[in-house]
Amino acid sequence: MARRRRKPRKEAAPALDAPRRNLSTTWRAAGVVLLVGALLAGSWLGWRHWPSPPAPDAPATSALARFVGSAVCAGCHAPEHEAWRGSQHAQAMQEASAHAVLGDFDDASFRQGGIAHRFLRREGKFLVRTDGPDGKLGDFEIRYTFGVEPLQQYLIALPGGRLQALGIA
Ligand code: HEC
């Protein structure tokens with residue numbers, strides 16, 4: 001269709017067609033420049049804003065997914081945050097700190113299964129001396145607390161980044 005219509009026009013007015021073609025060439029060139037510019041701007045923006053995927057050996061906490069903490073949510077959910085803060089849900093899982101840990105870690109001991117488990121504090125850390133994965137006694141750091149009432153459990157750090165609930169609550 002288009003070809004058939006262009007042909008007779010070319011023959012009828014060749015003098016008129018020449019400048020018109022020049023004009024369309026200029027527009028086409030401008031279009032190409034704009035397109036290339038848009039592509040460059042797009043890729044630059046993409047490079048700036050999209051985090052690159054983590055390297056295969058990168059630690060689990062990357063820019064893509066990480067724990068932000070409750071303070072971030074409080075910025076937009078103030079009433080919810082207030083209600084949550086006053087409830088025991090806020091204490092359901094906490095990092096082991098002097099504030100969170102309720103047990104007696106003043107070199108207390110507890111006999112169970114023929115072993116004297118000891119609860120100690122060293123350099124601000126809470127430790128339990130108990131039988132480890134290999135069955136031998138070792139000092140393990142308490143990393144998190146679970147619950148507040150009627151009892152509190154402890155998550156201890158094991159080699160390889162694993163966390164294990166202590167059998168004693
Ligand atoms: C930038 C502001 C902002 C931040 C920060 C934010 N939220 Fe929200 N959240 C909203 C908005 C807006 C809604 C939609 C509320 C609606 O539709 O009524 C919402 C909805 C929710 C809902 C669904 C509520 C419902 O009734 O369906 C939950 C759950 C929620 N947010 C949890 C969180 C948590 C957890 C965090 C922190 C990790 C968080 N939000 C951080 C703005 C925010």
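The values are calculated or read from the model by the stated rules, or taken from the named source; none is laboratory data. Computed from a predicted model, the values in this text were never measured in an experiment. All Cβ positions, even for glycine, are placed from backbone atoms using ideal geometry, and neighbour counts span all protein chains on display.
Yes or no, residue by residue, for (1) away from the ligand (no atom under 16 Å from the Cβ); (2) exposed (fewer than 11 other Cβ atoms within 10 Å of the Cβ); (3) in a strand (DSSP E or B):
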| residue | (1), (2), (3) |
| --- | --- |
| Cys73 | no, no, no |
| Cys76 | no, yes, no |
| Leu127 | yes, no, yes |
| Gly138 | yes, no, yes |
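Among the residues of segment 79-94, is any modelled with pLDDT of 85 or more, within 16 Å of the ligand (Cβ to nearest atom) and exposed (fewer than 10 other Cβ atoms within 10 Å of the Cβ)?
yes
Which pairs turn up if I take residues in segment 20-34 that are modelled with pLDDT of 75 or more and look for partners that are exposed (fewer than 10 other Cβ atoms within 10 Å of the Cβ) with beta carbon separation below 8 Å, at least 6 apart in sequence or on another chain?
That search, which allows pairs on different chains as well, returns nothing.
Would you mind telling me which numbered condition in (1) at pLDDT 85 or above; (2) on the phi > 0 side of the Ramachandran plot Gly69 fails?
Unmet condition: (1).
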